[in-house]
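Here the structure is laid out as structure tokens; the discussion comes afterwards.
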Amino acid sequence: MATLPHMKTDPTAATMRTFAGLRAAPDSVIGAALRQGRPAWSEGIHVFWSVWVFVVPMFSPRGYDQQWLLLTLLSYPLFIALFAGALLLPARRSPWCALGMIALCFGLLPWYVSGLSYFVFGCVFLGALSRTSVWRYVLALIVFNAVLLTWARALGYPWAALAWMPVTTVMIGLLVHVERLKNRQDAALRLSHDEVRRLAAVGERERIGRDLHDLLGHTLSMVALKADLAARLVERDPNGAQREIGEVGGIARDALAQVRQAVSGIRAAGLAAELASARLLLETDGVAFAYSLDEHVAGAGLSPDVETALAMTLREAVTNLQRHAHAHTAQAQFTREGDTIRLQVSDDGRGGAIVPGNGLSGMRERIEAVGGQLRVDSGADGTRIDAVIPLGPTLTQGDH
């Protein structure tokens, strides 16, 4: 693992950044890149491959004549507009820009050999923008290449100038198409991951409500009954009233102890939910994830600050592991060692130099804010994150 990521801004339609001075649709290629934390230029930079429009004439008998210059001045701005539209338009409209590039090639081919570059861009964009299966995309490429070869041969183009077209469009197009499908699956995985966290939080709130209702409902009813009885006995039986009041105090102390026990269980369930969410994220990505939650951690009486620091450290470590480690297995352990709680997250990934980033800084600040220490070791055998947090004297005794 290298740099550890920090919080990313989720752009909306109202705040979507622009590319080349134009606003990107939320579901466009640029919109998807921004949601994933990538800059807009990471998609737009591919326009530089259109340099082949200006290179192809070198291998043509006619070379750079006036006809080529005129057709370039007319067609290249149109190509740039189609390129921008493919990146900025909504997903339902952007494939038309890819088809427009292919049509531009077919229309110019009788006079303009550089139009073959527009065809390559169109086929590749069709794979990037299409949501169809791989086989349907391959079938579309076969059809378009067959039409191109037939049309170009009818115009007198030599086989040597055309043989590279099917190979280039199929190889590059398939790579881009599979990558886009994977990106969409990753986006769906992130949504399901967030949904697991949301459902875990909802389930935890419901459990808190049930536990408190069951615990306090009976206890408060008993307190009210004892208090009413004591009020009736005050004048005619002071000793009995005093006895009832003493019992009210005992009931209240017992209820307080039960509330503390319930809160410990609730906090442990929060850590368990975070572990389950981490397992879903990693195992869906092909990383075998094993974890353990020491039973002594559940009864440690963790303060909200300590629990939050541990949970967020686990979340950021697992997120970074999934993105950068290229690991096959990973482990997470929560253990209580005397008066401290220890969290260890390790993997068998590629390791490497640790570059301090916002995520690592955030983890360290959270741990140190509760008096703990964070250590990150990364080498050829993977990466290990070790966080140790003291419980403190009051928490150790279970007073809070």
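The values are calculated or read from the model by the stated rules, or taken from the named source; none is laboratory data. Worth saying up front: this structure is predicted, and the values here are computed from it rather than measured. Neighbour counts are summed over all protein chains in view; Cβ atoms, including those assigned to glycine, are modelled from backbone coordinates with ideal geometry.
Where helices (runs of 4 or more DSSP H) fall entirely within region 221-329, those with at least 2 residues that are at pLDDT 80 or above and in the same structural domain as ILE389 (by TED's automatic domain parsing) are at 238-284, 304-320. Cβ-Cβ contacts under 6 Å between residues 6 or more apart (or on different chains), taken from a first residue in region 314-327 that is within 13 Å of VAL376 (Cα to Cα) to a second residue that is basic (Lys, Arg) and buried (at least 23 other Cβ atoms within 10 Å of the Cβ), are absent. Of the set (1) under 13 Å from SER114 (Cα atoms); (2) at pLDDT below 75, all apply to LEU74 but (2).
Residues in region 150-164 that are out of contact with any helix residue (DSSP H, G or I) (no Cβ under 6 Å at 6 or more places or on another chain) and surrounded by 13 or more Cβ atoms within 10 Å (Cβ to Cβ): how many?
Within region 150-164, residues that are out of contact with any helix residue (DSSP H, G or I) (no Cβ under 6 Å at 6 or more places or on another chain) and surrounded by 13 or more Cβ atoms within 10 Å (Cβ to Cβ) number 3.
A search for C-beta distances below 6 Å between a residue of region 377-393 that is farther than 12 Å from GLY351 by Cα and at pLDDT 80 or above and any residue that is among the β-branched types (Val, Ile, Thr) and buried (at least 21 other Cβ atoms within 10 Å of the Cβ), counting only pairs 6+ apart in sequence or on different chains, returns ALA387/THR313; ALA387/ILE367; ILE389/VAL306; ILE389/ILE341.
Of the set (1) at pLDDT 80 or above; (2) surrounded by fewer than 16 Cβ atoms within 10 Å (Cβ to Cβ), all apply to TRP135 but (1). Within region 44-63, the only residue that satisfies the criterion of being among the polar types (S, T, N, Q) and within 30 Å of LEU88 (Cβ to Cβ) is SER50.
Go through ALA81, ALA103, ALA91 for me and flag whichever is of a type in the set (A, V, I, L, M, F, W, C) and either in contact with a strand residue (DSSP E or B) (Cβ under 8 Å, 6 or more places away or on another chain) or outside any helix (DSSP H, G or I) (or both).
After applying the criteria, what remains is ALA91.
If the condition is being among the small types (Gly, Ala, Ser) and in a loop (DSSP other than H, G, I, E, B), then region 152-179 contributes GLY156, ALA163. Given the structure, is PRO110 part of a loop (DSSP other than H, G, I, E, B), in contact with an Asp or Glu (Cβ under 7 Å, 6 or more places away or on another chain) and farther than 16 Å from SER50 by Cα? No, not satisfied. Residues in region 50-99 that are under 22 Å from MET165 (Cα atoms), of a type outside the set (Gly, Ala, Ser) and crowded, with 18+ Cβ neighbours inside 10 Å: VAL53, PRO57, TRP68, THR72, PHE79, LEU82, PHE83, PRO95, CYS97. Pairs meeting the criteria (first residue in region 49-77 and without any contact (Cβ under 8 Å) to a residue 60 or more places away in the chain, second residue exposed (fewer than 14 other Cβ atoms within 10 Å of the Cβ), beta carbons under 8 Å, at least 6 apart or on different chains) are PRO57/GLY63; PRO57/TYR64; GLN67/TRP111; TRP68/ARG62; LEU71/TRP111.
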